[in-house]
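Colleague: Have a look at this one.
The values are calculated or read from the model by the stated rules, or taken from the named source; none is laboratory data. Values in this document were obtained by computation on a predicted structure and should not be read as measured data. Neighbour counts run over all protein chains shown; Cβ positions are idealised from the backbone, glycine included.
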Amino acid sequence: MTRRIRKAVFPVAGLGTRFLPATKSVPKEMMPIIDRPLIQYAVDEAIEAGCDTLIFVTNRYKHAVADYFDKAYELEQKLEHAGKTAQLELVRYVLPSGVRAVFVTQAEALGLGHAVLCAKPVVGDEPFAVLLPDDLVWNQGPGALRQMADTAEVTGASVIAVEDVPKAKTGSYGIVATEDFSNRQGRIRAIVEKPDPVKAPSNLAVVGRYVLDPEIFALLENVEPGSGGEIQLTDAIAALLEKKPVLAYRFEGKRFDCGTHIGLIEATIEFALSHENLSGAAREIMQKALAR
Ligand code: G1P
């Protein structure tokens, strides 16, 4: 597996029940941090890593994601006539030219592994990325996926993003056991989905960024329902590492778990505080609120 990744899979068919009632009509991937939806941050990261084919695994209710990436002719015309070039750029920038979006439907919500398997006909037989948009990963330098794609290209291995979490939180994530790390990488020896914290093999948690060997598809086809009764990507990765090298990668950057309320709040605060136009006012509001 030494080819550069070109295709990125975005599983966006989840129900987003944690954010009800908002997610009754707004997919969680469309929740904004300031003025950009979560999905845009993940898409930008994939494009920066070199991907030109973005595969959205969606469900029949989630038109908002497809609408967002569709060309908005009327809006663009209006902005153009009004001379609002900055806004026009923002609208066009959603999907830069040369990048294509492909939509695949996941007919039944059978789990993350099943969602990734739905992308098989579009991915074919080449290494590819998976990005979970509710993990927002931000870095001043190269994005996390770019770092991982470089590592995959050099090593020929599959690469999975990880970070340390408190032991008590291991039950919320995929957890890996690895060989010693050097150069941010450690070969994965075992991976388990959402273990009981008492049984967790470490406190190194999987973050929603993966560069995967296409052999994962054959393994996903044979995986039995696991944690939560769902077809888990983690279980197919556990089978993959019996056959091929899979690296855990401690990326450079900060991850916001925007699949939780507090993660979404944290990301909003951090982005507001570093926003070129909003930081001053945001800081003032926060200082006043904290002084009460
Ligand atoms: C998924 C994966 C899990 C991973 C997590 C990262 O879980 O199954 O291994 O640690 O994403 O966000 P989910 O958050 O979909 O329950």
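Colleague: Can you find a residue that is surrounded by 18 or more Cβ atoms within 10 Å (Cβ to Cβ), within 16 Å of the ligand (Cβ to nearest atom) and farther than 27 Å from Ile47 by Cα anywhere in the range 135-157?
Modeller: no
Colleague: A further question on this structure: Which fully enclosed strands (runs of 3 or more DSSP E) of the range 170-279 have 1 or more residues being among the aromatic types (Phe, Trp, Tyr)?
Modeller: Where strands (runs of 3 or more DSSP E) fall fully within the range 170-279 and carry at least 1 residues being among the aromatic types (Phe, Trp, Tyr), they are 204-212, 246-250, 254-257.
Colleague: Given the criteria under 17 Å from the mean Cα position of the chain (by Cα) and within 16 Å of the ligand (Cβ to nearest atom), does Leu132 qualify?
Modeller: Working: under 17 Å from the mean Cα position of the chain (by Cα): yes; within 16 Å of the ligand (Cβ to nearest atom): yes.
So Leu132 passes the test.
Colleague: To continue, here is another question. Any idea which residue in the range 3-43 is surrounded by the most Cβ atoms within 10 Å (Cβ to Cβ), counting only those that are in a helix (DSSP H, G or I) and in contact with a Phe, Trp or Tyr (Cβ under 9 Å, 6 or more places away or on another chain)?
Modeller: Step one: filter the range 3-43 for residues in a helix (DSSP H, G or I), giving 17-19, 22-24, 28-30, 38-43.
Still in the running and in contact with a Phe, Trp or Tyr (Cβ under 9 Å, 6 or more places away or on another chain): 28-30, 39-43.
Details: Lys28: 24, Glu29: 29, Met30: 21, Ile39: 25, Gln40: 20, Tyr41: 22, Ala42: 27, Val43: 27.
Looking at residues that are in a helix (DSSP H, G or I) and in contact with a Phe, Trp or Tyr (Cβ under 9 Å, 6 or more places away or on another chain), I get Glu29.
Colleague: Output the residues belonging to the range 193-208 that are within 9 Å of the ligand (Cβ to nearest atom) and touching a helix residue (DSSP H, G or I) at 6+ places or on another chain (Cβ under 6 Å).
Modeller: Across the range 193-208, the qualifying residues are Glu193, Lys194.
Colleague: Here's something else I'd like to know. Just the residues that are in contact with a helix residue (DSSP H, G or I) (Cβ under 6 Å, 6 or more places away or on another chain), farther than 19 Å from Phe128 by Cα and aliphatic (A, V, I, L, M), please, taken from the range 232-280.
Modeller: Correct list: Ala272, Leu273, Leu278.
Colleague: Cβ contacts < 9 Å: first residue of a type in the set (Lys, Arg), restricted to the range 228-255; second residue away from the ligand (no atom under 13 Å from the Cβ) and in a helix (DSSP H, G or I), any location; separation 6+ or different chain. Result?
Modeller: Lys243/Leu219; Lys254/Glu270
Colleague: Does Val159 count as modelled with pLDDT of 95 or more, among the hydrophobic types (A, V, I, L, M, F, W, C) and in contact with a Gly (Cβ under 8 Å, 6 or more places away or on another chain)?
Modeller: No: the conditions fail for Val159.
Colleague: Here is a follow-up. Could you figure out which of (1) without any contact (Cβ under 8 Å) to a residue 40 or more places away in the chain; (2) closer than 22 Å to Asp164 by Cα; (3) within 16 Å of the ligand (Cβ to nearest atom) isn't true of Ala267?
Modeller: (1)
Colleague: So is Ile216 surrounded by 15 or more Cβ atoms within 10 Å (Cβ to Cβ), within 23 Å of Ala152 (Cβ to Cβ) and under 21 Å from the mean Cα position of the chain (by Cα) or not?
Modeller: Spelling it out, Ile216 is indeed surrounded by 15 or more Cβ atoms within 10 Å (Cβ to Cβ), within 23 Å of Ala152 (Cβ to Cβ) and under 21 Å from the mean Cα position of the chain (by Cα).
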